[in-house]
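The values are calculated or read from the model by the stated rules, or taken from the named source; none is laboratory data. Quick caveat: nothing in here was measured; it's all calculated off a predicted structure. Please note: Cβ atoms are built from the backbone with ideal geometry, for glycine as well, and neighbour counts cover all protein chains shown. Note: areas computed on protein heavy atoms with side chains; ligands, DNA, RNA excluded. Shrake-Rupley method; radii C 1.70, N 1.55, O 1.52, S 1.80 Å.
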Amino acid sequence: MAEGLNSTGIQLGAPGIATGIAYIQLHSDTPNSSGSNECACDREAVTCTSASGVVTIPETDFTGGTANGAVKAVGYWSAATGGTFYGYNLIPSDDDQSFNASGAYTVNESTITGSSS
């Protein structure tokens, strides 16, 4: 067996991850380990779900961003302000990577998956 968690171990952790991610935020560039580069908009509350070791983040609408400003990543947070930064996913290159002219942006539903190594 390779080092790391097996599928059963990964499935065990997914519900805790889904519960811990209470807010998501847009980032104008790749965040550092502290969650840098947050966009001007507020973090949005989310209810994530988990099944079979996969965490699903729902589609989420943002307003209050910089008109036509860059959106490069979605960050995962424990709180509306401050809180704990859990990581991020980059916005796929085939998705829109900027706020619209009104400062709005919609994040598509996405998933976080784990794998054994």
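For segment 17-48, how many residues are of a type in the set (A, V, I, L, M) and in a strand (DSSP E or B)? Outline the logic, then answer.
The initial filter retains those residues of segment 17-48 that are of a type in the set (A, V, I, L, M), namely 17-18, 21-22, 24, 26, 40, 45-46.
Within this subset, residues satisfying the condition of being in a strand (DSSP E or B) are 24, 26, 45.
Count: 3.
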Can you tell me which residue is modelled with the lowest pLDDT among those in segment 85-117 that are assigned to a loop (DSSP other than H, G, I, E, B) and either within 12 Å of GLN25 (Cα to Cα) or among the hydrophobic types (A, V, I, L, M, F, W, C) (or both)? ILE91
Conditions (1) out of contact with any helix residue (DSSP H, G or I) (no Cβ under 8 Å at 6 or more places or on another chain); (2) hydroxyl-bearing (Ser, Thr, Tyr); (3) open to solvent by 20 Å² or more (accessible area, probe 1.4 Å): number failed by SER52: (1)
Out of all the residues in segment 100-109, is one or more closer than 20 Å to GLY13 by Cβ and of a type outside the set (S, T, N, Q)? no
Specify which of the listed residues (ALA14, ALA79) is open to solvent by less than 50 Å² (accessible area, probe 1.4 Å) and not in a loop (DSSP other than H, G, I, E, B). ALA14
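Which residues, taken from segment 61-76, are open to solvent by less than 60 Å² (accessible area, probe 1.4 Å) and either closer than 11 Å to LEU26 by Cβ or among the hydrophobic types (A, V, I, L, M, F, W, C) (or both)?
So the first thing to find is which residues in segment 61-76 are open to solvent by less than 60 Å² (accessible area, probe 1.4 Å), and the list is 62, 64-65, 67, 69-71, 73-76.
If the condition is that a residue be open to solvent by less than 60 Å² (accessible area, probe 1.4 Å) and either closer than 11 Å to LEU26 by Cβ or among the hydrophobic types (A, V, I, L, M, F, W, C) (or both), then PHE62, GLY64, GLY65, ALA67, GLY69, ALA70, VAL71, ALA73, VAL74, GLY75 are the ones that fit.
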In segment 99-110, residue least open to solvent (accessible area, probe 1.4 Å) [restricted to those that are closer than 27 Å to GLY20 by Cα and hydroxyl-bearing (Ser, Thr, Tyr)]: TYR105
Is there any pair with a first residue in segment 37-60 that is over 16 Å from HIS27 (Cα atoms) and β-branched (Val, Ile, Thr) and a second that is in a strand (DSSP E or B) and open to solvent by 50 Å² or more (accessible area, probe 1.4 Å) whose Cβ atoms are under 6 Å apart and which are 6 or more apart or on different chains, and what are they? VAL54/THR111; VAL54/THR113; THR56/THR49; THR56/THR111
If I ask for residues that are touching a residue at least 40 places away in the same chain (Cβ under 8 Å) and either among the aliphatic types (A, V, I, L, M) or under 23 Å from CYS48 (Cα atoms) (or both), which ones from segment 88-109 would you list? TYR88, LEU90, ALA104, TYR105, THR106, VAL107, ASN108, GLU109
